[in-house]
Amino acid sequence: MEVPDVIKTIPLNWYIFFATFLFCIGVVGVLIRRNALIVLMCVELMLNAVNLLFTSFSAYRSDPQGQIFVFFIMVVAAAEVSVGLAIIVMLYRNLKSVDVGILNKLKW
Amino acid sequence: MLTLSLILIPAIASLLLPFIKGEITKTIAFVVALAELAVALFAISQFSPDIVTPQFAYDYPWIASMGVHFSGGMDGISMLLVLLTTILTPLIVLSTFGYSYNHSSAFYALILLMEAALIGVFTSQDAFVFYLFWEAALIPVYFLAAIWGGEKRIAITFKFFIYTIFGSLFMLVALVYLYMQTPGSHSSAIADIYKVALDSHTQSWVFWALFIAFAIKMPIFPFHTWQPDTYTESPTPATMLLSGIMLKMGIYGVIRWLLPIVPAGVAQWSTTVIILSIIGIIYGSIIAIQQKDLKKLLAYSSFAHVGLMAAGVFSLTLKGMQGAVIQMLAHGINVVGLFFVAEIIQRRLRTRDIDRMGGITQNTPVLTVFFMILMLGSVALPLTNGFVGEFLLLSGVYEFNHWYGAIAGLTIIFGAVYMLKMFQGVMFGEQNHWTEKVTDITLTESAVLLPLVVLVFWMGVAPGSFLKLTEPAVIQILQLATGK
Amino acid sequence: MNISTSVLLIPLLPLLGFIINGLGFRKISKGLASIVGTATVLGSFLLSIYTFNYFLSNNSQPITVTAFNWLAVGDFHISFSFLIDQLSLLMLLVVTGVGTLIHLYSSGYMHHDEGFGKFFAFLNLFIFSMLLLVMGSNYVIMFFGWEGVGLCSYLLIGFWNKNKSYGNAARKAFVMNRIGDLGFLLGIFLIIAHFGSVEYSEIFGRAASVDTATLTMITAFLFVGAMGKSAQIPLYTWLPDAMAGPTPVSALIHAATMVTAGIYMVIRSNVLYTLAPATLEWVGIIGLATALLAASIGIFQNDIKKVLAYSTVSQLGYMFMGLGVMAYSASMFHVITHAFFKALLFLGAGSVIHAMSDEQDIRHMGGLSKSLRITWITFLLGTIAITAVLPLSGFFSKDEILMNVYMHSPLMWGLGVLGAAMTSFYMFRMFFLTFHGTFRGTDYQREHLHESPISMTLPLMILAVLSVIGGFINFPEIFGGQAWLANFMEPLFANAKQASPEAFHHAHLSHSEEFMLMGVSVGVAILSLIIAYVMYVSRNTVPAEEGTPIPAVQKVVYNKYYVDEIYDMLFIKPISALSYFFYQVFEFFVIDLLVNGIGKLVKQLSNLTRRFQTGTTGFYVFAMVIGIVVILLVNFWGFLFR
């Protein structure tokens, strides 16, 4: 099936580079930031990087399956955010802090 | 269909039982176990021993695309072991009458679950169904021991659990491997697995993978150290289940799932196994001589007896195999009876220490008679059930190798030594201030022992009917195992 | 009556008695218990006579009665069947006959015992087992009885179970018998391996086709069984200890019937033994050694029952010596006469013990001839019969054995005569110490001295008569007799003669030689009698009490050559030590160490790896990312760096 020219104006590689860049920001954010809210946001960033990738591939291949996946991911991400935020709220209430560094009760 | 109902009756009952509270659970469990016995007896009446293919078979697709079927059925050997299970379970339930356990509904539910799993093991015709029930049988007995056991129960049951799981995993690996060797889209049906022909090197490791699982369950020297402690610490009903029935799973496994599958492996290793078994016989007997704890003594004696059964099976002679099969039934009856006698004495004296007993016979003539008969059955006196088994087993081992037969025969001497020593220590001599107030057994207690004693004589005087039941099936297994 | 019914009823009647008395021993009165017990055995005796007559009137054809097929595995069968032939008939008559008398005696002797019903139940069970032993038509049924009598012996030795040492004696008897039984069982297995059957009729017909080495093995194994049951060296030490049981038990089981089972078995298997001369040689040697050893121990024993026990061991030794030289019928003759006079002696001893208020030590008796007239006379007859100083029953049977031994080896004969001299000495020593001289008991015992009731003296009198005339069943030709027993038993050896005719060829002694041999053995017996008389009647010596110093040699003999102590050191102690070692050391330090070692190893490893669980989320995420990167690198390695 033919891909519309409108889409071809931006080459696929750019999308890939952009998504990778976004993903890396997410990873680095999760790794270096200690604020639980920002960690959660970074996780979202990673998910959205993947979403972007899915959509672009889907468009370039004219295959709707990728976009269907994106919907699934969005639903799951929404659920994850709601649970995650709830956990962070509970954390704040109990510890008066959202620093993930002090959450080391699982230590051996 | 009959086979499936044998599994389902106790299984369903065990699921419903926890919802009922109070003393009535005991009675319900007993009635269910009796109903189960009735079904089993009906099955025997319909059974024709000469047909070697499984009878009363059922077969439902489980994971049909992978060729795994939920299927089972009974040949003579299965029938005999189902008979053993269904006879002993009601008696084990009855043995708890007059004694109350905490959370009794869970207690009886576990016993019935155990019965279902055991019957599943003895009747399954599919490798994965066999494995499922094999593991399922472990769980109830683990909880029985861990919840209602003695002081050291946690550590000891943990050891027991790890030990048996360890063996079972080897078995799982072997079974999966065998499954993968079946042609086409694979099948785990026993008949298809029997057809798998492996080269002798592969057979050798498959043999050990399977054998270790069975050897731990039996147990065979040197895989036995879980056994005396577990038998001693478990509550007596669990000990009876363990020694009376569960121990036979190992022997049954060898007969059904080892000999016909890896004949070359068996041929290669049978001498080793027989030597280990004989070491176990002598070793267990010698240890039993010095035991002071009634249950521990019986545990070691059970260990010694099972060694002889294993040796008989691996002798690959008709006499040895038939002896092992009949001895499974006989030993189950005797050992359950003896453990119950130990329990009766423990209930009255609050101890199992033989040194603190003596002179009990003066107050308990009825118990003495039962105890004596069960003991004589256990030391294989002619015209009791133990003799038939040991005679055939020893002659089988003797046929395999004269020397092994002669050494294994020492069991009849050592058996007499430790059993008589125990009997004398417990029953004879002067009374002491603990034993002078002992009362004779109650009616329910006699109701447990009487059927056992009747079976001791029945099997001893007329073993023919029992042997006839299993002979065609045993011959078929032997043909597969020896290629003759 | 149908002959097979009557044959089946012979063992079933005592079994019935056992069941009645055994189930109802607390409810049935003593009178009824003794009637049931005695009547069932008497019934068996009468049926045995009936069967005997039927057998004679039917041209002495062996009768086989099959009750049912006991066991079948493949094409191997064991049937529960009985064989009636000359040998089993003789044993039947002895067992049920003497058994009836001893049951009758027990109803008097055990009258004051609270376990009266139980006692009769066990006695009946014993008779049942013994009948299985002698009637079985194959080795397995014989083994049933063989173990069964062992069990009854155990139960009856330990009958007074409150006493710990009695219990130990009972256990010793059972275990020693079990050692023999293992030999017997291995013999049976070997028979199965070579003949594929355990039926006498099949085995004996085909015995000649099996090689001698195998037959030697079979017979040797079977003889191990006989050593245990018939108390031969090295398995004899249980029999003297077995005297812990009530005296009628000693008479019935440990003198007249059970202990002769070994002789019965050898005669039954005479074909196999005849074809295995090496075993026979050993049988003879062991028999002779046992006869001498036991007789020498008997000389210094002071317990009236122990003397009789050693005398029994010694007489059994004679019987085996006879078997060793293939004098099968002579040994059987001695079995029969021995059953009469030894039962008589034991029952007489029981009567003495009864009168002496349970005193068994002959040093505390003496002069009992006045108060126990019947016991005294019958005991004297029994003593004469066993010592063979006058031609009563024991004279003929012992003489026949010795004669056969002489033809085999004059040296063995000489030693046998030495044994006879010792027998004569210790028997008369005991007799004089018990019945003559002055009374040495307590005043209490003196006042209570009394002759036993008629139920006890009647069996004594009957047995005394039998001891006197019992020799006539095999009255030797030299005195113009017919040797009826030898002729009667002749068909039993037909197979053996066919298989090995040369073994039965031996020279006949001339009459003058026979008279000379008889003269010598009677002479030494009388000499011993005189020595005993001089020592214990004329000089009135009494053996020293415990604790007084005695010469070293005498001490060794008095302590039974310390055989019990040696066995204790050689077998019992090491096994106990081994048991202790296995349980306390091996089980925990070797096997459990291995098992627990594996557990410990896993624990150590987990100790190492758990360090990675820092608890910091950042670390986990970092590890995850590193992991992902590694996986990606591995997967795309080729793609990236080609």
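Each reported figure results from applying straightforward, stated rules to the coordinates on display, with no laboratory input. Computed from a predicted model, the values in this text were never measured in an experiment. We place every Cβ from the backbone using ideal geometry, glycine too, and count neighbours over all the protein chains shown.
Some points to look at:
- Taken one residue at a time, the phi angles of the stretch A:51-59 give Karplus couplings (6.51, -1.76, 1.60, θ = phi - 60°) of 4, 4, 4, 4, 5, 5, 4, 4, 5 Hz. Gly and Pro are set to x.
- Amide H contacts of C:TRP70: C:ILE78, C:SER79, C:PHE80, each under 5 Å away and 5 or more positions distant or on a separate chain (H built 1.01 Å from N in the peptide plane; Pro and chain starts excluded).
- For the stretch C:428-547, the relative contact order comes to 42 percent (Cα pairs under 8 Å, sequence separation of at least 6).
- Rounded to 0.05, the FRET efficiency of the A:ASN104 and A:ILE68 pair, given R0 = 45 Å and the Cβ-Cβ distance, is 0.65.
- Packing, as the average of other Cβ atoms within 10 Å across residues, places the peptides C:182-193, B:146-157, B:458-469, B:114-125 in the order B:114-125, C:182-193, B:458-469, B:146-157, highest first.
- Once the Cβ-Cβ distance of C:VAL520 and B:ASN401 is raised to the sixth power relative to R0 = 60 Å, the FRET efficiency obtained is 0.70.
- Take each residue of peptide C:565-576, count the partner chain Cβ atoms within 10 Å of its Cβ, and average: the result is 1.
- In terms of other Cβ atoms within 10 Å, A:CYS42, C:CYS152 run from fewest to most in the order A:CYS42, C:CYS152.
- Dipole magnitude of chain C, debye to nearest 20 (Cβ charges: Lys/Arg +1, Asp/Glu -1, about Cα centre): 1880
- At 1.306 mPa s and 10 °C, Stokes D of chain A from Kirkwood alpha-carbon radius, µm² per second: 100
- Residues A:VAL98, C:VAL198, sorted so that the one with the fewest Cβ neighbours within 10 Å comes first: A:VAL98, C:VAL198
- Number of partner chain Cβ atoms within 10 Å, mean per residue of C:523-536: 0
- Mean-position separation - Cα centroids, the stretch B:405-447 and the stretch C:487-502, in angstrom: 48
- Ranked list, fewest to most other Cβ atoms within 10 Å of each Cβ, for C:TYR444, B:TYR179, B:TYR231, C:TYR580: C:TYR444, C:TYR580, B:TYR179, B:TYR231
- Chain B: Rg to Rh, with Rh as the Kirkwood radius over Cα pairs: 0.95
- In this simple spin-label approximation, C:THR438 and B:GLN479 carry label points 7 Å from Cα along the Cα→Cβ vector, and these lie 8.9 nm apart.
- Modelled FRET efficiency - R0 22 Å, C:SER29 with B:ALA462, Cβ distances, 0.05 increments: 0.05
- About the Cα centre, charge dipole magnitude for the protein assembly as shown (Lys/Arg +1, Asp/Glu -1 at Cβ), debye: 2820
- Volume per residue for the stretch C:60-164 equals 116 cubic angstrom (convex hull of Cα atoms).
- B:ALA462 long-range amide H proximity, modeled H, under 5 Å: none
- Proximal charge balance of C:ALA231 [Cβ under 15 Å; K/R count +1, D/E count -1]: +4
- Relative contact order for the stretch A:10-99: 28 percent, from Cα pairs under 8 Å spaced at least 6 residues apart, divided by residue count.
- Kirkwood Rh in Å, taken over the stretch C:1-137 so that all alpha-carbon pairs contribute: 15.5
- Calculated SAXS-style log₁₀ I(q)/I(0) at q = 0.04, 0.07, 0.10 Å⁻¹ - the protein assembly as shown, Debye, Cα scatterers: -0.31, -0.76, -1.32
- Every helix of 4 or more DSSP H residues in chain B counts as -39500 (n - 2.57), and over all residues that averages to -24500 deg cm²/dmol at 222 nm.
- Nearest 10 degrees, 0 to 90: helix C:3-23 Cα axis against chain C principal axis: 70
- Karplus 3J(HN,Hα) series, Hz, for the stretch B:160-176 with 6.51 cos²θ - 1.76 cosθ + 1.60 (x for Gly, Pro): 4, 5, 4, 3, 6, 4, 3, x, 4, 5, 4, 4, 4, 4, 4, 5, 5
- Highest-first arrangement of B:388-399, C:560-571, B:335-346, where packing means the average Cβ count within 10 Å: B:388-399, B:335-346, C:560-571
- Dividing the summed helix terms, -39500 (n - 2.57) for each DSSP H run of n ≥ 4, by the number of residues in chain C produces a 222 nm estimate of -22500 deg cm²/dmol to the nearest 500.
- Cross-link pairs C:LYS342/C:LYS370; B:LYS159/C:LYS600; C:LYS172/C:LYS560; B:LYS295/C:LYS600; C:LYS306/C:LYS560 - those with Cα-Cα distance over 21 Å: C:LYS342/C:LYS370; B:LYS295/C:LYS600
- When peptides C:51-64, C:208-221 are ranked by their average number of other Cβ atoms within 10 Å per residue, the highest-first order is C:208-221, C:51-64.
- Neighbour net charge for B:ALA416 - beta-carbon separation under 14 angstrom, K R +1, D E -1: +1
- Difference of contour (0.36 nm per residue) and Cα-Cα distance, C:MET535 to C:HIS111: 148.9 nm
- Using C-alpha pairs below 8 Å separated by at least 6 residues, the relative contact order for chain C is 11 percent.
- With a cut-off of 15 Å on the backbone N, the residues of the stretch C:600-642 near the modelled label site 7 Å out from A:LEU95 along Cα-Cβ are C:614-621.
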